[in-house]
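One structure is given here, and the rest of the page talks about it.
The values are calculated or read from the model by the stated rules, or taken from the named source; none is laboratory data. Computed from a predicted structure; not experimentally measured. Note: ideal-geometry Cβ built from the backbone for every residue, glycine included; neighbour counts use all protein chains shown. All accessible areas refer to the heavy atoms of the entire protein, side chains included, with ligands and DNA or RNA removed. Shrake-Rupley method; radii C 1.70, N 1.55, O 1.52, S 1.80 Å.
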Amino acid sequence: MLKRVVSLLTLFTYSLTASDDSLQSMESLLDEVTTIATKNRLNIDHTPGIVSIIKGDQLEKMGFTNFNPTVLDMVPGFFGANSRKISDPLKYLYSIDGVSLFSQLAGYGFYPQLPVHAIDRIEIIRGASSALYGLSAYAALINIVTKKGENQIWGAYKYHDEGHDYMQSGVMLHYAEEETSVDFRANFFSDKGFKQPITQDLGTLYGYGTYAPSALQNGSQHYDIGLHVGLGSWQISYERLQYAIEPSLGIARIFKPPLQDGWVRTDTRDLLEIRHNSSFDLFDLETRLGLFEFEQKVDDSYVFPKGFPLVPEGLGTDYYNDMHLKERDLYAMAGIKKQIGDHQILMGSRYLYSHLIQNDYGATQNLVTGEVFDTPSDVGELLPNVIRRIFSFWIQDYYELNEQTTFVGNLRYDYVSDLDEGLISPRLAVIHELDDENIVKLQYARAAMAPSYFSLYSNGDNSFIKGNPDIPIDKSDNYELSYIYKQFHTSFKSTLYYIDMFDVGSFIQAGTTEFSSNSIQSSGVELETASRFSSLNVQANLAYNFYSKMKFHNTQKYDDTIKEFPDLIANLILDYEWNYGLSSKFWYTYNSTLESYIPSQDVDEKHFVNIALSYMRNFDDQRFEATLSVFDLLNEKR
């Protein structure tokens with residue numbers, strides 16, 4: 001991920017609902033409550049494993065306008081979009097208010113670029129979560145909890161040193177009467193992109209004419225709409241998120257003819273969910289019905305001339321493609337909570353029906369001859385539609401053995417119809433309070449992930465497409481030992497982890513049972529602390545990976561170290577409250593030298609410095625906020 005200097009950012013928020021600044025006090029920061037780790041309302045220190053929470057108000061004061069992967073950099077062990085533990089960005093489950101954004105068959109994850117003004121908090125489980133959330137919660141679970149009960153308008157402007165700017169505007173409205181509540185959000189941003197001078201493209205290297213203009217303005221647009229309606233025990237939520245990217249160099253660094261303005265790629269997600277909660281004498285019941293729809297349109301450029309690297313002998317085509325992918329998922333879920341003595345039992349079942357209802361993929365025009373064609377055999381074909389059904393059942397026991405010790409046991413079973421395979425995902429954890437200030441936690445959890453559509457069906461031999469229904473499910477075993485020390489003004493947390501991961505990629509030849517499988521082991525430690533000194537809040541964390549080994553790479557024995565991220569990642573965040581509503585933020589990030597094994601190269605250590613100055617003023621029941629910030633002050637760029 002590339003960070004660019006933001007030399008000027010102005011942001012304002014106007015709220016018609018006054019906020020209580022005491023919610024930002026150290027008492028609140030040290031006594032966070034979450035339901036993400038067990039689906040029970042618990043203090044984060046009493047959950048299995050380590051849960052991190054980032055406040056939306058904190059992001060506002062740091063100068064962020066939208067959620068993006070950079071936000072996670074302040075979480076121990078995260079490096080851009082990924083955790084130091086597992087590097088595949090598709091194995092991180094993102095959700096909004098507990099509703100997943102993952103496309104089951106297409107296999108695309110998604111960074112929900114929601115405005116920070118509408119974010120109450122971000123909850124992150126740093127590790128395996130499949131035992132509770134299923135096959136998609138492999139490496140981490142990031143849940144964005146949106147604000148409710150507020151009226152706001154906001155706007156932002158950014159100027160980048162490359163000469164392009166960014167503008168954002170949005171509104172959040174709230175209505176409530178007796179048992180009825182309505183919350184509505186609309187947000188839009190436009191990033192014009194930086195001007196990239198272009199003199200040629202790769203086609204000229206092979207004797208073709210250039211399609212390159214003198215400069216390219218590469219930008220994007222995004223909008224999101226959220227609607228949440230509460231009717232007594234019923235809740236209805238709807239989210240639409242769309243992200244569009246303007247023309248760029250394309251996958252093969254040539255340009256899309258006929259060089260007009262337009263979108264190269266558009267991703268749209270629609271989420272609709274209906275929830276109902278009921279309480280009976282014997283148990284509490286929650287039911288959910290949901291619809292998730294994912295649509296992607298791609299109009300991008302390729303160059304496959306004869307002699308081009310990785311092109312089979314005798315083949316060669318210049319073309320651009322027009323891809324339209326659409327997936328629709330329907331699901332139903334029921335969960336029961338019941339207290340039996342010292343046992344808090346959670347049971348649930350879920351049925352998911354996933355259908356790739358449209359998948360048109362192939363070249364449409366030869367750039368050299370102008371010939372128009374539908375689906376040539378040397379490029380691609382209409383991929384077959386696939387239906388996947390997943391039947392899930394889980395049980396959890398949160399058992400208080402005594403006043404000091406709690407045991408948490410999970411067992412989940414997922415059956416995947418198109419693979420004709422079932423998998424059990426267990427989790428076992430012990431939480432022991434040594435005294436009022438010291439807690440020790442031990443956890444084992446298995447993570448799992450079903451292969452996506454494109455792992456099962458591929459045009460790997462460039463002539464036809466075959467399915468490989470024998471490709472196995474990804475698995476990883478995760479072990480964590482955590483220690484927590486907590487006082488009124490200070491907290492310290494440490495986690496020692498070990499991961500043994502079996503990862504399956506696309507198979508080597510279409511239609512065969514030879515997989516591109518990898519086996520990786522990794523160990524490290526994560527340290528974090530938070531303290532308050534009068535008007536100063538201090539947060540610091542460090543993640544150090546001291547062992548990482550790849551046993552197999554592409555099915556072949558590798559048995560060597562693997563480094564895709566720095567061994568050492570550290571953060572220091574200072575928050576100082578001045579008088580008259582002023583506050584300042586200082587955020588420093590250090591990344592040690594990166595030695596990448598593929599390709600073999602070294603990247604020097606990096607030092608990132610971000611600063612922000614915020615002003616907040618209350619006027620009776622109204623509030624005004626403004627922020628001025630500078631990102632990547634040292635211009636290190638990742």
Open item on the list: Show the residue pairs meeting these rules: Cβ distance below 6 Å; 6+ apart or different chains; first residue within region 411-435 and under 17 Å from T495 (Cβ atoms) and touching a residue at least 40 places away in the same chain (Cβ under 8 Å); second residue of a type in the set (A, V, I, L, M, F, W, C) and surrounded by 14 or more Cβ atoms within 10 Å (Cβ to Cβ).
Closed with: R427/A131; R427/A445; A429/V408
- [ ] Collect the residues in region 250-282 that are modelled with pLDDT of 90 or more, open to solvent by 30 Å² or more (accessible area, probe 1.4 Å) and within 23 Å of the chain's Cα centre (by Cα), keeping them in residue-number order.
- [x] L272
Task: Considering residues of region 160-177 that are within 26 Å of the chain's Cα centre (by Cα) and of a type in the set (S, T, Y) only, the residue surrounded by the most Cβ atoms within 10 Å (Cβ to Cβ) - done: Y166
- [ ] Pull up region 436-473, narrow it to residues that are of a type in the set (V, I, T) and modelled with pLDDT of 65 or more, then point me to the one that is farthest from S491 (Cα to Cα).
- [x] I471
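Looking at N618, N591, N571, N579 in this structure, which one is at pLDDT below 90, of a type outside the set (K, R) and open to solvent by less than 30 Å² (accessible area, probe 1.4 Å)?
Details: N618 fails: open to solvent by less than 30 Å² (accessible area, probe 1.4 Å); N571 fails: at pLDDT below 90; N579 fails: open to solvent by less than 30 Å² (accessible area, probe 1.4 Å).
Just one listed residue meets the conditions, N591.
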Open item on the list: Among the listed residues L310, L367, L285, identify the single one that is modelled with pLDDT of 90 or more and among the hydrophobic types (A, V, I, L, M, F, W, C).
Closed with: L285
TODO: List every residue pair whose Cβ atoms sit under 6 Å apart, with the two residues 6 or more apart in sequence or on different chains, where the first one lies in region 52-77 and is without any contact (Cβ under 8 Å) to a residue 60 or more places away in the chain and the second, anywhere, is surrounded by 23 or more Cβ atoms within 10 Å (Cβ to Cβ) and among the aliphatic types (A, V, I, L, M).
DONE: F64/V116
TODO: Give the residues of region 414-425 that are at pLDDT 90 or above and exposed (fewer than 15 other Cβ atoms within 10 Å of the Cβ), sorted by residue number.
DONE: Y415, I424
- [ ] Please identify the pairs in which a residue from region 479-491 that is open to solvent by less than 80 Å² (accessible area, probe 1.4 Å) has its Cβ atom under 7 Å from the Cβ atom of a residue that is basic (K, R), counting only partners at least 6 apart or on another chain.
- [x] S482/K441; S482/K493; I484/K493
Task: In region 519-534, residue modelled with the lowest pLDDT [restricted to those that are open to solvent by less than 50 Å² (accessible area, probe 1.4 Å) and more than 15 Å from F492 (Cβ to Cβ)] - done: S519
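Could you check region 44-150 for strands (runs of 3 or more DSSP E) lying wholly inside it with 1 or more residues that are open to solvent by 10 Å² or more (accessible area, probe 1.4 Å), of a type outside the set (A, V, I, L, M) and touching a Lys or Arg at 6+ places or on another chain (Cβ under 6 Å)?
Ranges flagged: 51-55, 119-125.
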Task: region 178-227, subset of a type in the set (V, I, T) and at pLDDT below 65, residue surrounded by the fewest Cβ atoms within 10 Å (Cβ to Cβ) - done: T199
Task: Test: residue in region 395-408 that is free of Cβ contacts under 8 Å to residues at least 60 places away in the same chain and either on the phi > 0 side of the Ramachandran plot or crowded, with 17+ Cβ neighbours inside 10 Å (or both) - done: yes
